[in-house]
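Here is the structure we will look at.
Taken together, the values in this text are just the output of simple stated rules run on the coordinates, not laboratory data. On a predicted model such as this, the values are computed, not experimentally measured, just so you know. Cβ sites come from the backbone with ideal geometry, for glycine too, and all protein chains shown count toward neighbours.
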Amino acid sequence: MKSILRKLIFGKTENNLSIGVSFLIQQKNILGKIWDNENHNDAGLERFLRLFLIAIQFIFPGLYIRELFRKSGITSSNLAIEVYVLSKLLYPIFIFYLGKSHNPIFQVIGIYLVSETITYVSSLVFTDDIKYETRSINRSILLIFLNYVEISLQFALLYSGYKMLSPNAITDLDFIYFSFITSASLGYGDIFPMSQAGKLLACFHSLLLLIFVVLFFNYFGNKRMRGSK
C-alpha cells in the first residue's frame, strides 16, 4: 500500500531530480538581472513593478518552503508548494468554521497570504523572460485556478469580518456566495455592499479578479499552446 501511495503521489521516482542552486540565490539573481536590464530593457513604472514583484517574495513563506524542500528534489519541492497552496485556500474556510471571521488577527493573516498569491502570480507574467521554467504548464494552470478560489474565499472573509454587506447576508455561505458572484462579475443584486468601504472593496475585488482571469489564464493558455507546437 505504501508503494502504491508513493507511486500515486510522486509518479516516477527518477523524475525527482535534485535542485542544485538555492531558490533564494535564484531569486536574488532574478532581481539582479532586472536591476541590470539584462533580459528586458524596461523603465519607469514597468521597471518599478518588476523589481517590486520579485523583491517582495522575500517576505512571504512560499520562497522559503521551496528552499526547505529543495534538497529532497524537484518533485518534493513542488508537492510542498501544492500543499501550501491548498492550505491557503482552506484557511478562510477554517476561519469561517471556527466563527472567527471578525477577529482582526485572522483577517491580517488572510490579507498577508492573499497578498503573496497576487504578487507571485503577477511575477510569473511580468518576469517571464527571466523566471526559472515551470515543470508543467498544466500544473501551473491548475495552481492558478486554486489561487483564484483562494482569493475569492479570502474576500468573503473580509466581507464577513467587517460587516460590509446587506442585512440579508447572514450565514457564512452568503458571504462566500457574494464573493464568488462578484468574482464572476455577475451581480444578481440579492446581496450587495452597504458601506462605502464595502463598495470600494467590491470594486477592487471585481477589477482584480477580472484582470486575474483575462490576463493570467489567457497568458498560460497561450504559453501551453506555444509549447505544444
statement: Whole-Hz Karplus couplings 3J(HN,Hα) for the stretch 101-117, θ = phi - 60° and coefficients 6.51, -1.76, 1.60, Gly and Pro as x, run 5, 8, 6, x, 5, 5, 5, 5, 4, x, 4, 4, 5, 6, 5, 4, 4
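Could you please rank F212, F60, F145, placing first whichever residue has the fewest other Cβ atoms within 10 Å of its Cβ?
F145, F60, F212
Between R47 and F94, what is the FRET efficiency for a Förster distance of 41 Å, r being their Cβ-Cβ separation, to the nearest 0.05?
0.55
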- line: Here the stretch 52-58 yields Karplus 3J(HN,Hα) values (6.51, -1.76, 1.60; θ = phi - 60°; whole Hz; Gly and Pro given as x) of 4, 5, 7, 5, 5, 5, 6
- line: For G73, the residues 5 or more places away or on another chain with a placed amide H closer than 5 Å to its own amide H are I19
- prompt: Points 7 angstrom from Cα along the Cβ direction at S115 and I211: gap in nanometres?
  reply: 1.6
query: When the dipole is taken about the Cα centre of the stretch 19-228, and only Lys, Arg (+1) and Asp, Glu (-1) are charged at their Cβ, what size is it in debye, to the nearest 20?
result: 360
- line: Note, the stretch 32-38: 3J(HN,Hα) by Karplus (6.51, -1.76, 1.60, θ = phi - 60°), whole Hz, Gly/Pro = x, goes x, 5, 5, 4, 8, 6, 6
query: In nm, what is the difference between 0.36 nm times the number of residues separating L173 and Y64 and their Cα-Cα distance?
result: 35.9 nm
message: Check which residues have an amide H placed less than 5 Å from L165's amide H, if you skip close sequence neighbours.
response: M194
- prompt: What distance in nm separates the simple spin-label points at L142 and S166, each placed 7 Å from Cα in the Cβ direction?
  reply: 4.0
